[in-house]
Every structure is written in structure tokens, then in C-alpha cells.
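The values are calculated or read from the model by the stated rules, or taken from the named source; none is laboratory data. This one's a predicted model, so the numbers in the text were calculated from it and none came from an experiment. Glycine gets a Cβ as well: all are built from the backbone with ideal geometry, and neighbour counts include every protein chain shown. Ligands, DNA and RNA are stripped out before the accessible areas are found, and what is left, the full protein with its side chains, is counted by its heavy atoms. Shrake-Rupley method; radii C 1.70, N 1.55, O 1.52, S 1.80 Å.
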Amino acid sequence: MNISLSITKNIHEWLFSIMPEGIASITEMVLIAVVYLAIFAVAGLYLVLLERKVAAWFQLRIGPNRVGWWGLLQTMADALKLVSKELTGTERADKFLYNLAPYFVIVSSLMALAVFPFSQEFHAFDINIGVLFLMAISSIGVIGILLGGWSSNNKFALIGAMRSGVQTISYELSVGLSLLTMVLVTGSLQLSEIIEVQKNGWLIVQGHIPAVIAFMIYMIAGTAETNRAPFDLVEAESELGAGFHTEYSGMKFAYFFLAEFINMFIIAAIAATIFFGGWLSPFGITESIPLLGVVWFLGKTLVIVFLMMWFRWTFPRLRIDQLLTLEWKYLLPLNLLNLILMALVVWLNLTIQF
Amino acid sequence: MSYFGNIAKGIKTLLTGMSVTGNYFLHSRKGAITQQYPDNRETLKMFDRFRGEVVMPHDENNEHTCTGCQKCEIACPNGSIEIIWDRQLDPETGKKKKMIDKHIYHLGMCTMCGLCIEACPTDAILWAQNFENSVYDRSYLTKVLNKPGSKVKAGIED
Ligand code: SF4
Ligand code: SF4
């Protein structure tokens, strides 16, 4: 097995000492999957809580503050409530696809989490085409949305799903190109190597002007990828009910909801890894304590998540033609120009290195 | 180069918007407008412009300023006000004069439009800021606004 599963060496060695190799690696994979699932189900719930709190503060409200201290158990209670709800469906819905859709969405967003280096050691799957893998996986989620919208036999859901398709196909391009711009600097798609390169300064500093432009484009396109406001045409409440998940209830709805927040985390985590040095501390101040890498990584990610929430509670929703104009007339040409600019910067050795 | 001009303008306006909301975010601690109602029942003070119900203020001599002109009754679009009046002998002048017997106000029908208060020429009725108006029987929602034994303040009709 050349997959480097390196969360903790001790468990790894212990497992291999008591079991034959094949079974041991399968056990290890299952263990890691369970750990990730547990962590990110809870993390997703807390992201929902964070969103609600931040939204409240933006609107001069208090936000959830009844369940648990400071409302900290609110989303747990919501999840429990959703688990206990009846799973309803529509008549003449395509039952198989209807039931399959939420799993598509949640599985694809959880899969993307596997390749992130949370710290030097805490890195489940260090694949050598990391960035490509992320791009590919994050666009599979839209299939779940399309399936859900189409199979639930509801015109609102269908319109929502189709809008989601349009949006993802267009903005995927910008996400990919802006990440490609940064790959020009790193010369590698492997996330651990991308971080290695950033030991001489985070990429947003190394690549200066084109990197900042790429970051701005990435943030816009990334927000659009997660279907969040101001790009939430997919579930525009005032027009489409709840959009593609209108007909879902209970836990299946919760999967869509959780996937949206995990996707937001993923987009922020990609930005943190590629532009802001992932688990690297600024100027290497905590280099001697590798465990703190997780803190830095989560810190950077949460700052970017906060930025996306800030977008959401500031900007009004775009119309579909404005959405497409923004992508095809502005982001895409700028992105291509930016790519050339970055290539020049790298070719002429104009990157800033410490 | 209006293309790049547009981009610059777009970014500028977006940042302006973000600074406004960011400012609210930073000041949300002090300015939270949420009232945690049952908890602050003792201290909660409603805003002056809050429309709780229509009341008729009385002064210390149990006198109000309602002349029984019925303008409020006519102004009310849904008939929430009924005025029962009578011509009585004024003890001072000895002339017959219109006086209210009961100013009946149906809170359950009132839409809080405020037209009656606008219409009243003597400001006899006002908005009260109370908000705990729920009762167990709707007959309690029919209120007589003038207190028993009250009379109109002297000189108000002149
Ligand atoms: S507030 Fe409007 S509805 Fe209520 S009593 Fe006055 S006029 Fe009638
Ligand atoms: S409350 Fe005002 S408008 Fe109504 S009858 Fe009395 S004086 Fe006239």
C-alpha cells in the first residue's frame, strides 16, 4: 500500500503488529473514516451554529442562546429533532434517485476532506494530484443536487437544481483556473508539497499581485460553488421555496444542510491551504510544536469562513443573467490574463521569497 | 476603459457594503435590539411609538377630555368604537348638552391603524404601550374607556 495513512504512527504500528497486513490497513482506513465522520458531523453542526450567531450579530440580534451555555447545544438539539422526523416524499417521485441524492451530496463533500493536511502529521490521504482531486470531488456534489431536484417531482426543486447546474458549471472554471494560477508557483499538485513550498512565505505573499487577484477570484467563485448568498439562486427562498431540497424532510434534509456547511468549510480550507500556508504558522513562530499546526489551520480556515458569512449577510442575491455575466464576462477573462501574469512572474523570478 | 472601470467600481461598492455590515457586526454587543421577553418582564419598556391599545387618559379629578363628538367612531374603518351618548342638562349652564355615557372600544377588532386617534379633535384618546393583551375570554377585550363616574374636563368644548 503506497497510500500514506499517517494520522498517528503508534496506532498504525500497533495494528500492524496484531493483524496481517491486508486486514490491518483496511481496519486502519475504517478507523480513520469513522474518526473523520465523527469530527466533521460535529464540526458541521458547529459551523451552522457559528453561521447563526454571526448572522445574528450582523443584524444586531443575539442569536441562539437558550439551549446549553450560550446556545452551544442548539444545533445538536436541531439535529436530534431532525433525526426523529418522519421522512416524507412526493407522489410519483423517482424513489431510488430521490433517496440516493442526499448521500451523493454528503459523501462527495466528506471525501474532499480526506486530502487536507490539518497539520504535518494529521493528513489522511496525501495523494499526488491533491488539487485536481479536490476540484473533481467538489464538482460531483452537484450531481446529487441535480438528482434531488429532478427526482422529487416538484417544479421548484427542478428549477433550483437546474440553476445549480448552470452555476456550478460556470464557476467551476474560475475555481480551477485560480487554483491553477497558484500551481504555477508551487509546481506541484500535492498538498503537502504545496505547503512545503510555502515555508519560504505564504503563496499570497510569494505571488503578490497575481496571487491576490487569484485569491479574490477564488473567493467569489468558491462562494458561488457552495451555493451561498449572494449566489444562492439555487435555494432562493422568496422564489423557489427551498430550491432543490424543497421535498426533503428529516435526516435527508439535514444531509443537504450539513453538506452545504461542510462545502463551505472545504472551500475555506482550500483557500487556507493554497494561499495562506495551511498549518504553517506565520514566520514559523510555533514551528517547534507541530501539534499547533491544527490550530493554525483551523484558525485560518475559520477566518475565511467568516469572510464568506460576511459576504452572505451583506450582498443581495444576483439575478441569473447577472450571475452568468459576472462569470463569463469578468471572472473568466481576468482569470486567463492573471494566469499569463503569474506565468511571467514565475518565469522572470519575480516571486517574493524569504 | 469602462470595463476595468466597472470592475474597480464594483469592488469599491462591495467594500463599502461590507464596511457597513462589518461596523454593525463590531457594535452588535452594545446595540443588540433583541428583547428576551419573559426574562425582562419587569424592566421591559416599550417604545413610545408602539401601538398597544387605545386608552383614554384621566386626570386626578377623574376627568377626561372626550366630548362625545363621535369623530373617532366615524373614523374607525371596522367599527371598533361605539359611543353611547345622551343629551343631558348641564348643571352649570342649565342647557341641554351632548355627553358620553360609555366610550366602548373593542380591542379584539381593532387593527391598530390609529385613525381614531388622528381624528380626535381634543386628544382624548391615545396609544398605550402595554403589550400583554391576551385574555382567556374575548368578552374581556371589549373595554369601556371612560372610567365610571368620570366627566368631561371643563372648558374643553369651548
Ligand atoms: S386604531 Fe383604527 S381600528 Fe382601532 S379603534 Fe382606532 S380607528 Fe378603529
Ligand atoms: S374620543 Fe375624541 S373623537 Fe372620540 S368622541 Fe371623544 S372627543 Fe370625539
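What about A:Phe16, is it within 28 Å of A:Phe118 (Cβ to Cβ), in a helix (DSSP H, G or I) and either more than 14 Å from chain B (Cβ to nearest Cβ) or in contact with a Cys (Cβ under 8 Å, 6 or more places away or on another chain) (or both)?
Yes; evaluated as a whole, the condition is true for this residue.
Quick one: in the range B:136-158, of everything that is out of contact with any strand residue (DSSP E or B) (no Cβ under 8 Å at 6 or more places or on another chain) and open to solvent by less than 70 Å² (accessible area, probe 1.4 Å), which residue is farthest from ligand 2 (Cβ to nearest atom)?
Out of the qualifying residues, it is B:Gly155.
How many residues does the range B:129-158 hold that are closer than 21 Å to B:Asn62 by Cβ and part of a strand (DSSP E or B)?
4
Being more than 10 Å from the chain's Cα centre (by Cα) and more than 10 Å from ligand 2 (Cβ to nearest atom) is the filter; apply it to the range B:116-135 and report the residue that is most open to solvent (accessible area, probe 1.4 Å).
B:Ser134
Can you tell which of B:Leu26, B:Leu89 is away from ligand 2 (no atom under 16 Å from the Cβ), open to solvent by 90 Å² or more (accessible area, probe 1.4 Å) and in contact with a strand residue (DSSP E or B) (Cβ under 9 Å, 6 or more places away or on another chain)?
On the way: B:Leu26 fails: in contact with a strand residue (DSSP E or B) (Cβ under 9 Å, 6 or more places away or on another chain).
The unique qualifying residue is B:Leu89.
Quick one: in the range B:99-115, which of the residues that are among the β-branched types (Val, Ile, Thr) and under 13 Å from B:Ser80 (Cα atoms) is surrounded by the fewest Cβ atoms within 10 Å (Cβ to Cβ)?
B:Thr111
What is the one condition in (1) within 29 Å of B:Gln35 (Cα to Cα); (2) within 13 Å of ligand 2 (Cβ to nearest atom); (3) in contact with a Pro (Cβ under 7 Å, 6 or more places away or on another chain) that B:Lys71 does not satisfy?
All conditions pass for B:Lys71, except number (1).
What residue, of A:Phe125, A:Phe104, A:Phe116, A:Phe96, is open to solvent by less than 40 Å² (accessible area, probe 1.4 Å) and of a type in the set (Phe, Trp, Tyr)? Let's see the steps before the verdict.
Working: A:Phe125 fails: open to solvent by less than 40 Å² (accessible area, probe 1.4 Å); A:Phe104 fails: open to solvent by less than 40 Å² (accessible area, probe 1.4 Å); A:Phe96 fails: open to solvent by less than 40 Å² (accessible area, probe 1.4 Å).
Being open to solvent by less than 40 Å² (accessible area, probe 1.4 Å) and of a type in the set (Phe, Trp, Tyr) holds for just one of A:Phe125, A:Phe104, A:Phe116, A:Phe96, which is A:Phe116.
Please go through the range B:119-139 and give me each residue that is aromatic (Phe, Trp, Tyr) and at pLDDT 90 or above, ordered by number.
Matches in the range B:119-139: B:Trp127, B:Tyr136.
Quick test of your reading of the structure: B:Ile83 fulfils all but one of (1) open to solvent by 30 Å² or more (accessible area, probe 1.4 Å); (2) within 13 Å of ligand 2 (Cβ to nearest atom); (3) outside any loop (DSSP other than H, G, I, E, B). Name the failing condition by number.
So the condition that B:Ile83 fails would be (1).
Scanning the range B:101-141 for residues that are β-branched (Val, Ile, Thr) and under 26 Å from B:Pro38 (Cα atoms), which turns out farthest from ligand 1 (Cβ to nearest atom)?
B:Val135
Surrounded by 17 or more Cβ atoms within 10 Å (Cβ to Cβ), touching a residue at least 24 places away in the same chain (Cβ under 8 Å) and in a helix (DSSP H, G or I), is that true of A:Ile140?
Against the criterion (surrounded by 17 or more Cβ atoms within 10 Å (Cβ to Cβ), touching a residue at least 24 places away in the same chain (Cβ under 8 Å) and in a helix (DSSP H, G or I)), A:Ile140 does not qualify.
If you take the residues of the range B:19-72 that are in contact (Cβ under 8 Å) with a residue 12 or more places away in the chain and of a type in the set (Phe, Trp, Tyr), which of them is farthest from the other protein chains (Cβ to nearest Cβ)?
Applying the filter and picking the extreme gives B:Phe50.
Could you please find all residues in the range A:302-329 being within 10 Å of another protein chain (Cβ to nearest Cβ) and surrounded by fewer than 18 Cβ atoms within 10 Å (Cβ to Cβ)?
Across the range A:302-329, the qualifying residues are A:Phe306, A:Leu307, A:Trp310, A:Phe315, A:Pro316, A:Lys329.
Take A:Gln167 and decide whether it is under 18 Å from the mean Cα position of the chain (by Cα), open to solvent by 30 Å² or more (accessible area, probe 1.4 Å) and polar (S, T, N, Q).
For A:Gln167, the condition - under 18 Å from the mean Cα position of the chain (by Cα), open to solvent by 30 Å² or more (accessible area, probe 1.4 Å) and polar (S, T, N, Q) - is not met.
Report the residue count in the range B:52-78 for those that are closer than 11 Å to B:Ile117 by Cα and open to solvent by 40 Å² or more (accessible area, probe 1.4 Å).
So the answer is 3.
Hey, can you tell me all the residues within the range A:37-66 that are within 14 Å of chain B (Cβ to nearest Cβ) and free of Cβ contacts under 8 Å to residues at least 60 places away in the same chain?
A:Arg52, A:Lys53, A:Ala56, A:Trp57, A:Leu60, A:Arg61, A:Ile62, A:Gly63, A:Pro64, A:Asn65, A:Arg66
So if I check each of A:Glu235, A:Glu225, A:Glu239, which one is among the charged types (D, E, K, R) and surrounded by fewer than 19 Cβ atoms within 10 Å (Cβ to Cβ)? Show your work before the answer.
Working: A:Glu235 fails: surrounded by fewer than 19 Cβ atoms within 10 Å (Cβ to Cβ); A:Glu225 fails: surrounded by fewer than 19 Cβ atoms within 10 Å (Cβ to Cβ).
After applying the criteria, what remains is A:Glu239.
If you go through the range A:202-222 one residue at a time, how many are surrounded by fewer than 18 Cβ atoms within 10 Å (Cβ to Cβ) and more than 20 Å from A:Leu302 (Cβ to Cβ)? Full working, then the answer.
Restricting attention to the range A:202-222, the residues satisfying the condition of being surrounded by fewer than 18 Cβ atoms within 10 Å (Cβ to Cβ) are A:208-209, A:212, A:216.
Retained after the next criterion (residues that are more than 20 Å from A:Leu302 (Cβ to Cβ)): A:208-209, A:212.
Total satisfying the criteria: 3.
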